[in-house]
Amino acid sequence: MTFQNESDWTLVFTAAAIPDGMDGVSIEYRDGSERTLADVPRRQFRSTGRSGMSVEFTELPAGTTVVTTVTRPSVENSMLSLGAGTCGDAGVMRAEVAVGVTGSVHLQTACETTRSA
């Protein structure tokens, strides 16, 4: 997963990998409390303006869905984007979340199949 912030804002990017068949997710409420419904691999980081980062989830089964959020913690209605991507039985998923200069959010998912020899 690649996250890119072209805006001047400080943002928080979150990605959670939810394997097929798992019924759960972690929810963070406005008051800062959090409720975990299942333990899923999750990466979260703060991005200052005009910066980016790549993260990798390894050893995830086929059918895993990656859920992403982009928030702007300094404003009242902080959620900019909530997205999800999956590649079904494809071997590798590459995803990018990009925030443009004006704050527009673009989520792209590309699937690559793996071939056995």
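The values are calculated or read from the model by the stated rules, or taken from the named source; none is laboratory data. Here the structure is a predicted model, which means the values were calculated and not measured. For neighbour counting, all protein chains shown are included, and Cβ atoms are generated from backbone atoms with ideal geometry for every residue, glycine included. The accessibility values were calculated without ligands, DNA or RNA, using every heavy atom of the protein model including side chains. Shrake-Rupley method; radii C 1.70, N 1.55, O 1.52, S 1.80 Å.
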When all protein chains stay in place, what accessible area (Å², nearest 10, 1.4 Å probe) is found for residue 3? 0
Can you give me the solvent accessible area of residue 8 with a 1.4 Å probe, rounded to the nearest 10 Å²? 120
Whenever you get a sec, line up 74, 104, 47, 81 from highest to lowest accessible area (probe 1.4 Å, protein heavy atoms). 74, 104, 81, 47
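Can you give me the accessible area per residue for the chain, using a 1.4 Å probe, in Å²?
Details: 7360 Å² over 117 residues.
Accessible area per residue, the chain: 63 Å².
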For an R0 of 30 angstrom, estimate the FRET efficiency from the Cβ-Cβ distance between residue 54 and residue 31 and round to the nearest 0.05. 0.40
Can you tell me the alpha carbon radius of gyration of the chain divided by the globular rule-of-thumb value 2.2 N^0.38 Å? 1.11
Excluding ligands, DNA and RNA, the carbon-plus-sulfur percentage of the accessible area of the chain with a 1.4 Å probe reads 46
I'd like the GluC sites (Glu not before Pro) in segment 57-117 restricted to DSSP loop residues with at most 13 other Cβ atoms within 10 Å, sorted by number. 59, 76
